[in-house]
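The numbers here are math on the coordinates, done by the rules we state, and not lab data. Computed from a prediction, not measured in an experiment: that's the story for all the values here. Cβ placement follows ideal geometry from the backbone for every residue including glycine, while neighbour counts extend to all protein chains displayed.
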Amino acid sequence: MASLKQFQFARTYTIRTLNQTNLDKWDDIPDGFSNSIRWNVGHIYVTAEILLHKADNEYEMKNPNWTAFFVPGSRPSEWSENPPSAEELLDALKKQSRYIDEFFVGKLGNAASEAFKIDTYKMETVDAFLQFVIWHEGLHAGIIKAMGVV
């Protein structure tokens with residue numbers, strides 16, 4: 001239960017930070033950065049969807065068509081279609097937050113549907129996946145803030 005509360009804390013911080021950003025700057029890529037605010041927001045969302053589906057295969061991924069825009073290694077300069085709008089992304093973050101909170105109650109101690117390894121870190125429980133998602137979101141929320149638009 002503590003991980004779900006921590007997730008809600010992180011997501012509230014992210015949304016509050018995004019609400020303070022200038023929407024006109026969402027597609028700027030400042031010097032020293034490889035992606036835009038829009039990419040970072042979408043990346044937070046898509047990464048959570050992918051990892052939490054691995055944690056529990058019954059977790060239904062929403063907006064799977066957004067994955068190509070925001071997976072690691074993707075770049076706004078390579079987009080051939082229009083990405084989701086800022087409003088769509090913010091709405092998706094809010095809905096995802098509620099869905100995660102409801103879906104994972106009582107399941108954090110469960111073994112993951114699929115173990116997943118990043119470098120030397122192996123995630124084998126639902127809680128381990130959620131904790132990684134929390135860390136990942138904080139990392140990208142910090143990048144957004146460092147872009148100097150807050």
In 10 Å bins starting at zero, report the fraction of Cα pairs in segment 1-46 per bin as a rounded %.
24, 46, 23, 7
Between helix 2-19 and the chain, what is the angle of the helix's C-alpha long axis to the longest principal axis, kept within 0 to 90° and rounded to the nearest 10?
10
Using a Cα-Cα cut-off of under 19 Å, which aspartates and glutamates could be cross-linked to LYS95, ignoring same-chain neighbours fewer than 8 residues away?
GLU49, ASP56, GLU58, GLU60, GLU87, GLU137
If I fit a long axis through the Cα atoms of helix 37-55 and take the longest principal axis of the Cα atoms of the chain, what angle between them do I get, 0 to 90°, rounded to 10?
10
For the residue pair SER80 and GLN6, what label-to-label distance in nm results when each label sits 7 Å from Cα along the Cα-to-beta-carbon direction?
4.1
Hey, can you rank 102-111, 31-40 by average C-beta count inside 10 Å, highest first?
31-40, 102-111
Label point distance in nm, ALA68-LYS95, each placed 7 Å from Cα along Cα→Cβ
2.0
With the cut-off at 26 Å, tell me which of the pairs LYS25/LYS117; LYS25/LYS54; LYS122/LYS145; LYS5/LYS54; LYS5/LYS25 have Cα atoms farther apart than that.
LYS25/LYS117; LYS25/LYS54; LYS122/LYS145; LYS5/LYS25
Full-stretch length increase - SER113, GLU60 - with 0.36 nm per residue and alpha-carbon distance subtracted
17.8 nm
Give or take rounding to whole Å, what are the principal axis extents of the alpha carbon atoms in the chain, in descending order?
42, 28, 28
